[in-house]
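Readers should treat all values here as calculations from the given coordinates under stated rules, not as data from a laboratory. For clarity, every value in this text was computed on a predicted model and none was experimentally measured. Here the Cβ positions follow ideal geometry from the backbone for every residue, glycine too, while neighbour counts run over all protein chains shown.
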Amino acid sequence: MSRKYQAQIYVTLRPSVLDPAGVAVASGLKQLGYESVEGVRIGKYIELSLSAESEADAKTQLDRMCDQLLANPVIENYRFEIAELAASV
């Protein structure tokens, strides 16, 4: 029987990859007087719902989605959190 899951996916640039958007935001924050800000990195946050036979199956699907479309594994890291949605009455 298929179950529904909610996933939160976080995609960030690998530490070795230059982040020009992060540099621009850090500069802007310093210009606004936030001198204590250091090391800004910009990423993506994605939420999605999916159906799967088990949590393990859902995680396998999410790994494939991230590798194939949601993240660029050459320059980005990703992680996700997953929770089973309560069954509707």
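Within the chain, which is the longest segment containing none of the GluC sites (Glu not before Pro) that sit in a DSSP loop and have at most 12 other Cβ atoms within 10 Å?
Values: sites that count: E35, E38, E53.
The reported range is 54-89.
By the gyration tensor of its Cα atoms, with a ≥ b ≥ c the square roots of the eigenvalues, what is the shape of the chain: rounded for a/c under 1.5, prolate for a/b over b/c, or oblate?
Values: a/c = 4.46, a/b = 2.20, b/c = 2.03.
Note, shape of the chain comes out prolate.
What order do you get for I46, I9, I75 when you list them from fewest to most C-beta neighbours inside 10 Å?
Working: I46 15, I9 19, I75 11.
Sorted ascending by nearby Cβ count, the order is I75, I46, I9.
At a Cα cut-off below 16 Å, give the aspartates and glutamates reachable from K59, other chains included and same-chain residues fewer than 8 away excluded.
E47, D67, E81, E84
With 10 angstrom as the radius, rank D19, D67 by how many other C-beta atoms surround their C-beta, starting from the fewest. It would help to have the intermediate numbers written out before the result.
Numbers: D19 18, D67 12.
The order, fewest Cβ neighbours first, is D67, D19.
So if R0 is 30 Å, what FRET efficiency would V25 and M1 give, r being the distance between their Cβ atoms, rounded to the nearest 0.05?
Details: r = 46 Å, r/R0 = 1.52.
Here the calculated transfer efficiency is 0.10.
Can you show me the helix-derived [θ] at 222 nm for the chain, built from DSSP H runs with n ≥ 4 at -39,500 (n - 2.57) apiece and divided by the number of residues, rounded to the nearest 500.
-8000 deg cm²/dmol
Please report the net charge: other residues with Cβ closer than 14 Å to the Cβ of N77, K and R +1, D and E -1. Please list the in-between numbers first.
Numbers: positive: R14, R41, K44, R79; negative: D19, D63, D67, E76.
Every neighbour counted, the sum reads 0.
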